[in-house]
Amino acid sequence: MAELAGRAAFVTGAGSGIGRGIALVLASRGAFIWATDFNKDSAEETVALIQQSGGRGQATKLDVRDEAEWQQALAPAISHDEKLTILVNCAGTSMVTDTFSMSLEDFRRIMAVNVEGTFLGMKHGVPIIAKSGGGSVVNISSMAGLKGMAGMTAYCASKGAIRMMSKAVALECAGLRNGVRVNSVHPGFVDTPALRKHIDDATKAGHGRGLDTIEPDEVAKTAVPIGVACTSEEVGEMVAYLVSHGARHVTGAEIPIDGGMTSG
Ligand SMILES: NC(=O)c1ccc[n+]([C@@H]2O[C@H](COP(=O)([O-])OP(=O)(O)OC[C@H]3O[C@@H](n4cnc5c(N)ncnc54)[C@H](O)[C@@H]3O)[C@@H](O)[C@H]2O)c1
């Protein structure tokens, strides 16, 4: 039997990049996928891809900044046959700009999606997972939650906050003995639409590597110690491990998946 059969996974930002990769990998292991994104069309495309490969899921519109939308989006998962035991907070946004010219509005926009969105997911998702008998939350942080990056003040602040919120909630759940584990994953250089935009923006802002390409595989030759870009599905494999029974003792952990970028 497929490893995640009988379980359901709620994934935010599932319409693109890493969120889509995670949704596809969890579906391939048998999980029913609640694919959510604030762009519902893109979440529907993800569900179509899941179905083409024999998996099951449903697309839902969710802007992670909106508490009422979280409650609405989670409601059908409560009574669904496959119990909700997995929550992946992946929706995120970033911007390259130096601190001294960044507007407060932009700073707050990044914090609202990355920090408040993850907080709301855990606030409303964890009690449902606990009622299902336990499970796992995986919050997608970044290497920017482990090290500083020029031109990324708000993003670093938000990803560092996700790292520490994950540990705090992991300990709350442990204290409650509710069977819910919480971990953060810290990707470094994953070939997605957002990474391509990031490389382009960083180069224009003078924080680039002096290369005249935004091709992740080319940039990775010098940017990533192992010399290659990560794929969204490889992040999905890490998430699949963290939500598995084999990771029963792993909670409050921060897991880099960055080809060595935070090792130096
Ligand atoms: N690509 C990388 O190298 C990399 C590295 C480290 C961390 N990350 C993190 O991984 C996550 C996914 O990044 P990606 O590269 O796949 O980006 P992406 O832009 O390809 O996908 C992000 C998705 O989040 C959705 N989204 C944005 N704001 C939202 C909101 N308010 N509510 C709901 N959905 C929203 C977008 O519609 C999009 O589908 C982000 O949290 C990002 O910070 C990415």
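Inside the stretch 81-133, residues that are without any contact (Cβ under 8 Å) to a residue 60 or more places away in the chain and acidic (Asp, Glu) make up a count of 4. Taking first residues from the stretch 149-160 that are outside any helix (DSSP H, G or I) and partners that are among the aliphatic types (A, V, I, L, M) and within 12 Å of the ligand (Cβ to nearest atom), the Cβ contacts under 6 Å between residues at least 6 apart in sequence or on separate chains come to Met152/Ala144.
Please work out if Gly30 is more than 13 Å from the chain's Cα centre (by Cα) and outside any helix (DSSP H, G or I).
Values: more than 13 Å from the chain's Cα centre (by Cα): yes; outside any helix (DSSP H, G or I): yes.
Judged against the criteria, Gly30 is a match.
Looking only at the stretch 67-82, decide whether some residue is small (Gly, Ala, Ser), closer than 30 Å to Gly151 by Cβ and open to solvent by less than 50 Å² (accessible area, probe 1.4 Å). Checked against the condition, which is being small (Gly, Ala, Ser), closer than 30 Å to Gly151 by Cβ and open to solvent by less than 50 Å² (accessible area, probe 1.4 Å), the stretch 67-82 yields no hits at all.
Yes/no matrix, rows are residues, columns are (1) open to solvent by 60 Å² or more (accessible area, probe 1.4 Å); (2) within 30 Å of Ser132 (Cα to Cα); (3) not in a loop (DSSP other than H, G, I, E, B):
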{"residue": "Arg196", "(1), (2), (3)": "yes, no, yes"}
{"residue": "Asp200", "(1), (2), (3)": "no, no, yes"}
{"residue": "Gly210", "(1), (2), (3)": "yes, no, no"}
{"residue": "Glu218", "(1), (2), (3)": "yes, no, yes"}
{"residue": "Lys221", "(1), (2), (3)": "yes, no, yes"}
{"residue": "Gly236", "(1), (2), (3)": "no, yes, yes"}
{"residue": "Gly252", "(1), (2), (3)": "no, yes, no"}
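Restricting attention to the stretch 161-183 and to residues that are open to solvent by less than 20 Å² (accessible area, probe 1.4 Å) and more than 10 Å from the ligand (Cβ to nearest atom), the residue that is nearest to Ser94 (Cα to Cα) turns out to be Ser166. Looking only at residues of the stretch 144-155 that are open to solvent by less than 40 Å² (accessible area, probe 1.4 Å) and more than 11 Å from the ligand (Cβ to nearest atom), we find that the one that is nearest to Thr93 (Cα to Cα) is Ala154. Residue count for the stretch 65-94 satisfying the condition of being assigned to a helix (DSSP H, G or I) and among the charged types (D, E, K, R): 2.
A quick yes/no check of all residues on (1) touching a helix residue (DSSP H, G or I) at 6+ places or on another chain (Cβ under 7 Å); (2) at pLDDT 95 or above; (3) among the aromatic types (Phe, Trp, Tyr):
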| site | (1), (2), (3) |
| --- | --- |
| Thr153 | yes, yes, no |
| Met165 | yes, yes, no |
| Ala205 | no, no, no |
| Cys230 | no, yes, no |
| Val239 | yes, yes, no |
| Leu242 | no, yes, no |
| Pro256 | yes, yes, no |
| Thr262 | yes, yes, no |
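When restricted to residues that are in contact (Cβ under 8 Å) with a residue 40 or more places away in the chain, part of a loop (DSSP other than H, G, I, E, B) and more than 13 Å from the ligand (Cβ to nearest atom), the stretch 1-27 contains 3. Considering Gly19, Gly57, Gly30, Gly6, the condition of being surrounded by 22 or more Cβ atoms within 10 Å (Cβ to Cβ) and touching an Asp or Glu at 6+ places or on another chain (Cβ under 9 Å) is satisfied by Gly19 alone. Within the stretch 86-98, the set of residues being among the β-branched types (Val, Ile, Thr) and surrounded by fewer than 24 Cβ atoms within 10 Å (Cβ to Cβ) comprises Thr93, Val96, Thr97. Got at least one residue in the stretch 95-107 being near the ligand (Cβ under 10 Å from one of its atoms), part of a loop (DSSP other than H, G, I, E, B), at pLDDT 95 or above and over 18 Å from Ser141 (Cα atoms)? So far as the stretch 95-107 goes, no, none of its residues is near the ligand (Cβ under 10 Å from one of its atoms), part of a loop (DSSP other than H, G, I, E, B), at pLDDT 95 or above and over 18 Å from Ser141 (Cα atoms).
Of everything in the stretch 123-143 that is away from the ligand (no atom under 15 Å from the Cβ) and part of a helix (DSSP H, G or I), the residue that is surrounded by the most Cβ atoms within 10 Å (Cβ to Cβ) is Ile129.
The values are calculated or read from the model by the stated rules, or taken from the named source; none is laboratory data. Everything numeric here is computed off the predicted structure, so don't read it as measured data. Note: ideal-geometry Cβ built from the backbone for every residue, glycine included; neighbour counts use all protein chains shown. Protein only, heavy atoms only, side chains kept; ligands, DNA and RNA dropped before computing areas. Shrake-Rupley method; radii C 1.70, N 1.55, O 1.52, S 1.80 Å.
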